[in-house]
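Asks: Take a look at this one; I'll ask things after.
The values are calculated or read from the model by the stated rules, or taken from the named source; none is laboratory data. Worth saying up front: this structure is predicted, and the values here are computed from it rather than measured. So basically every Cβ, Gly included, is an ideal-geometry build from the backbone, and we count neighbours across all protein chains shown.
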Amino acid sequence: MASVKLTKVQKIYDNNVVAVHDFDLDIKDKEFVVFVGPSGCGKSTTLRMIAGLEEISGGTVEIDGEVVNDLQPKDRGIAMVFQNYALYPHMTVYDNIAFSLRLQKVPEDVIYEKVTHAADILGITQYLMRKPRALSGGQRQRVAIGRAMVRDSKVFLMDEPLSNLDAKLRNQMRAEIILLIVIMKDGYIMQVGTPEECFDMPANLFVAEFIGAPKMNIMKTQLLKENGKYFVTPFGAKIEVTGEKGRILAEKNTPAGEIILGVRPEHMVLADANDPSAIPATLEVNEMMGSELHLHVFTEDGTRLIVRVPTIGLSSEERESLVNGKKMAVSFEGKVMHFFNPETEENMLL
């Protein structure tokens with residue numbers, strides 16, 4: 001494996017559309033990095049520039065310390081799994097996986113060992129003599145991954161490699177890799193960090209809403225400061241900011257004022273309507289998700305929120321009472337809040 005470094009990399013098309021803006025990223029040897037973001041944000045374009053399949057408009061790409069801007073794709077030591085698989089339809093699965101090894105004149109006994117080992121890991125041993133047209137989309141994707149696995153490449157690039165795998169194999173493959181996430185929007189990097197870092201301390205409102213499912217609840221409210229303590233006042237409730245986040249606000253001497261407040265659905269709870277921290281709401285949809293309920297509610301001003309409620313903690317009577325139109329109250333603890341500047345949308349705790 002090898003390190004990959006991108007410095008001020010840009011992609012500008014002939015019509016002056018900028019697909020990637022001054023992209024800076026330093027990927028260490030043996031590090032596994034995932035680019036995430038909405039469709040059209042520049043993920044695939046960035047991968048293709050690293051591979052040499054897309055011309056770079058500005059900046060440099062280094063692989064193992066060598067600038068590769070002018071190197072052909074075949075000379076960059078890269079294996080790539082494409083979103084559309086790019087399998088040879090006239091070849092068997094075995095021959096598709098073995099193809100690059102045969103170009104390198106690898107002995108057939110070594111090819112057999114590498115191909116069968118990759119097929120065993122990916123669960124496609126029984127398909128080795130089939131043609132791609134006889135496979136499902138998920139099986140073809142595994143063949144494409146296997147073709148990349150057998151090569152002794154410096155860098156592996158994968159464009160949505162797990163999207164068509166079945167749930168069991170997707171979970172198995174995710175469990176075998178350590179992730180560092182690069183979150184992109186409109187060709188810009190929004191945040192680089194582990195999944196835990198991006199989930200627990202999103203750099204901005206975009207990351208906060210993008211990471212996590214269902215997405216974070218967002219509310220415009222006021223941050224109050226009273227006797228050295230901080231409070232938020234969403235929809236008439238009053239909730240003290242506690243724990244580490246309260247400490248950070250105090251250390252920064254954050255001024256009171258309007259903020260954007262974020263609370264994840266799993267941190268919302270059903271509350272007693274008489275509690276000062278309770279937010280009055282009306283149940284719009286009760287979405288049964290097996291081990292939990294997703295309660296879609298709207299507040300008195302029409303703001304929609306989602307509350308994730310574990311079913312194990314509810315009696316059958318409580319579950320049956322959660323019908324559409326039910327008047328209820330929801331709340332959250334003071335340690336689970338996220339605070340964003342209403343003008344810049346940046347995390348106020350960073």
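Asks: Going by what's in this entry, would Gly243 be described as at positive phi and surrounded by fewer than 12 Cβ atoms within 10 Å (Cβ to Cβ)?
Replies: On the way: at positive phi: yes; surrounded by fewer than 12 Cβ atoms within 10 Å (Cβ to Cβ): no.
So Gly243 fails the test.
Asks: Would the range 62-84 turn up any residue that is among the β-branched types (Val, Ile, Thr) and over 30 Å from Gln10 (Cα atoms)? Break it down stepwise before answering.
Replies: Residues of the range 62-84 among the β-branched types (Val, Ile, Thr): 63, 67-68, 78, 81.
Still in the running and over 30 Å from Gln10 (Cα atoms): none.
Within the range 62-84, none of the residues are among the β-branched types (Val, Ile, Thr) and over 30 Å from Gln10 (Cα atoms).
Asks: Is there a residue being farther than 28 Å from His296 by Cβ and in contact with a strand residue (DSSP E or B) (Cβ under 6 Å, 6 or more places away or on another chain) anywhere in the range 196-213? Walk me through it before giving the result.
Replies: Here is the first cut: in the range 196-213, the ones farther than 28 Å from His296 by Cβ are 197.
From what's left, in contact with a strand residue (DSSP E or B) (Cβ under 6 Å, 6 or more places away or on another chain): none.
Within the range 196-213, none of the residues are farther than 28 Å from His296 by Cβ and in contact with a strand residue (DSSP E or B) (Cβ under 6 Å, 6 or more places away or on another chain).
Asks: Can you give me the number of residues within the range 56-94 that are in contact (Cβ under 8 Å) with a residue 24 or more places away in the chain, assigned to a loop (DSSP other than H, G, I, E, B) and surrounded by fewer than 17 Cβ atoms within 10 Å (Cβ to Cβ)? Show your work before the answer.
Replies: Narrowing the range 56-94 to residues in contact (Cβ under 8 Å) with a residue 24 or more places away in the chain: 56-65, 76-83, 85-94.
With the extra rule that they be assigned to a loop (DSSP other than H, G, I, E, B), the set shrinks to 56-57, 64-65, 76-77, 82-83, 85-92.
If we keep only those that are surrounded by fewer than 17 Cβ atoms within 10 Å (Cβ to Cβ) as well, we get 57, 64-65, 83, 86, 88-91.
Qualifying residue count, the range 56-94: 9.
Asks: Criterion first (closer than 18 Å to Asp24 by Cβ, surrounded by 15 or more Cβ atoms within 10 Å (Cβ to Cβ), touching a residue at least 24 places away in the same chain (Cβ under 8 Å) and touching a helix residue (DSSP H, G or I) at 6+ places or on another chain (Cβ under 8 Å)) does Gly37 satisfy it?
Replies: Against the criterion (closer than 18 Å to Asp24 by Cβ, surrounded by 15 or more Cβ atoms within 10 Å (Cβ to Cβ), touching a residue at least 24 places away in the same chain (Cβ under 8 Å) and touching a helix residue (DSSP H, G or I) at 6+ places or on another chain (Cβ under 8 Å)), Gly37 qualifies.
Asks: Does Lys335 satisfy being closer than 21 Å to Pro214 by Cα and among the basic types (Lys, Arg)? Give the derivation first.
Replies: Details: closer than 21 Å to Pro214 by Cα: yes; among the basic types (Lys, Arg): yes.
Yes, satisfied.
Asks: Can you give me the ranges of the strands (runs of 3 or more DSSP E) entirely in the range 218-277 with at least 3 residues that are without any contact (Cβ under 8 Å) to a residue 60 or more places away in the chain and out of contact with any Phe, Trp or Tyr (no Cβ under 7 Å at 6 or more places or on another chain)? Let's see the steps before the verdict.
Replies: Working: elements: 229-232, 257-263, 268-270.
Once the strands (runs of 3 or more DSSP E) in the range 218-277 are filtered for at least 3 residues that are without any contact (Cβ under 8 Å) to a residue 60 or more places away in the chain and out of contact with any Phe, Trp or Tyr (no Cβ under 7 Å at 6 or more places or on another chain), what remains is 229-232.
Asks: Any residue in the range 156-169 that is touching a Phe, Trp or Tyr at 6+ places or on another chain (Cβ under 8 Å) and aliphatic (A, V, I, L, M)? Working first, answer last.
Replies: Just the residues of the range 156-169 that are touching a Phe, Trp or Tyr at 6+ places or on another chain (Cβ under 8 Å), to begin with: 159.
Adding the requirement that they be aliphatic (A, V, I, L, M) leaves none.
Within the range 156-169, none of the residues are touching a Phe, Trp or Tyr at 6+ places or on another chain (Cβ under 8 Å) and aliphatic (A, V, I, L, M).
Asks: Kindly indicate whether Arg140 is of a type in the set (D, E, K, R), surrounded by 15 or more Cβ atoms within 10 Å (Cβ to Cβ) and part of a helix (DSSP H, G or I). Step through it out loud before you land on a result.
Replies: Numbers: of a type in the set (D, E, K, R): yes; surrounded by 15 or more Cβ atoms within 10 Å (Cβ to Cβ): yes; part of a helix (DSSP H, G or I): yes.
It is true that Arg140 is of a type in the set (D, E, K, R), surrounded by 15 or more Cβ atoms within 10 Å (Cβ to Cβ) and part of a helix (DSSP H, G or I).
Asks: Using the structure shown, decide if Leu224 is surrounded by fewer than 17 Cβ atoms within 10 Å (Cβ to Cβ) and of a type in the set (A, V, I, L, M, F, W, C). Full working, then the answer.
Replies: Details: surrounded by fewer than 17 Cβ atoms within 10 Å (Cβ to Cβ): yes; of a type in the set (A, V, I, L, M, F, W, C): yes.
So Leu224 passes the test.
Asks: Condition first: more than 28 Å from Glu318 (Cα to Cα), in contact with an Asp or Glu (Cβ under 9 Å, 6 or more places away or on another chain) and surrounded by 17 or more Cβ atoms within 10 Å (Cβ to Cβ). Can you find one or more residues in the range 247-268 that meet it?
Replies: yes
Asks: So Lys105 passes all but one of these: (1) over 30 Å from Lys11 (Cα atoms); (2) in a helix (DSSP H, G or I); (3) at pLDDT below 95. Which condition number does it fail?
Replies: Lys105 satisfies every listed condition except (2).
Asks: Continuing with the same structure: Tell me which residues, restricted to the range 36-81, are more than 27 Å from Phe199 (Cα to Cα) and among the small types (Gly, Ala, Ser).
Replies: Within the range 36-81, Ala51, Gly52, Ser57, Gly58, Gly59, Gly65, Gly77, Ala79 qualify.
Asks: Let me ask something else. Taking Asp166 as meeting all but one of (1) closer than 20 Å to Ile50 by Cα; (2) of a type outside the set (S, T, N, Q); (3) surrounded by fewer than 16 Cβ atoms within 10 Å (Cβ to Cβ); (4) in contact (Cβ under 8 Å) with a residue 24 or more places away in the chain, write down the number of the exception.
Replies: With (1) closer than 20 Å to Ile50 by Cα; (2) of a type outside the set (S, T, N, Q); (3) surrounded by fewer than 16 Cβ atoms within 10 Å (Cβ to Cβ); (4) in contact (Cβ under 8 Å) with a residue 24 or more places away in the chain applied to Asp166, the lone miss is (1).
Asks: Another question about this same structure. Here is a check on your reading of the model: is Thr46 closer than 17 Å to Ile181 by Cα and either in contact (Cβ under 8 Å) with a residue 40 or more places away in the chain or in contact with a Cys (Cβ under 9 Å, 6 or more places away or on another chain) (or both)?
Replies: Numbers: closer than 17 Å to Ile181 by Cα: yes; either in contact (Cβ under 8 Å) with a residue 40 or more places away in the chain or in contact with a Cys (Cβ under 9 Å, 6 or more places away or on another chain) (or both): yes.
Yes.
Asks: If you go through the range 300-315 one residue at a time, how many are at pLDDT 85 or above and of a type in the set (S, T, N, Q)?
Replies: 2
Asks: Examine the range 326-343 for a residue that is within 23 Å of the chain's Cα centre (by Cα), assigned to a loop (DSSP other than H, G, I, E, B), among the charged types (D, E, K, R) and closer than 30 Å to Asn253 by Cβ, and state whether such a residue exists.
Replies: Looking through the range 326-343, none of the residues is within 23 Å of the chain's Cα centre (by Cα), assigned to a loop (DSSP other than H, G, I, E, B), among the charged types (D, E, K, R) and closer than 30 Å to Asn253 by Cβ.
Asks: The conditions are (1) in the same structural domain as Leu305 (by TED's automatic domain parsing); (2) touching a Ser or Thr at 6+ places or on another chain (Cβ under 8 Å); (3) within 21 Å of Pro38 (Cβ to Cβ), and Lys238 fails exactly one of them. Which is it?
Replies: (3)
Asks: Restricted to the range 318-344, and to residues that are of a type in the set (Asp, Glu) and more than 17 Å from Met288 (Cβ to Cβ), which residue is modelled with the highest pLDDT? Quick ask: steps written out before the conclusion?
Replies: Residues of the range 318-344 that are of a type in the set (Asp, Glu), as a first pass: 318, 320, 333, 343.
From what is left, the residues that are more than 17 Å from Met288 (Cβ to Cβ) are 333, 343.
On the way: Glu333: 92, Glu343: 96.
By that ranking, first place goes to Glu343.
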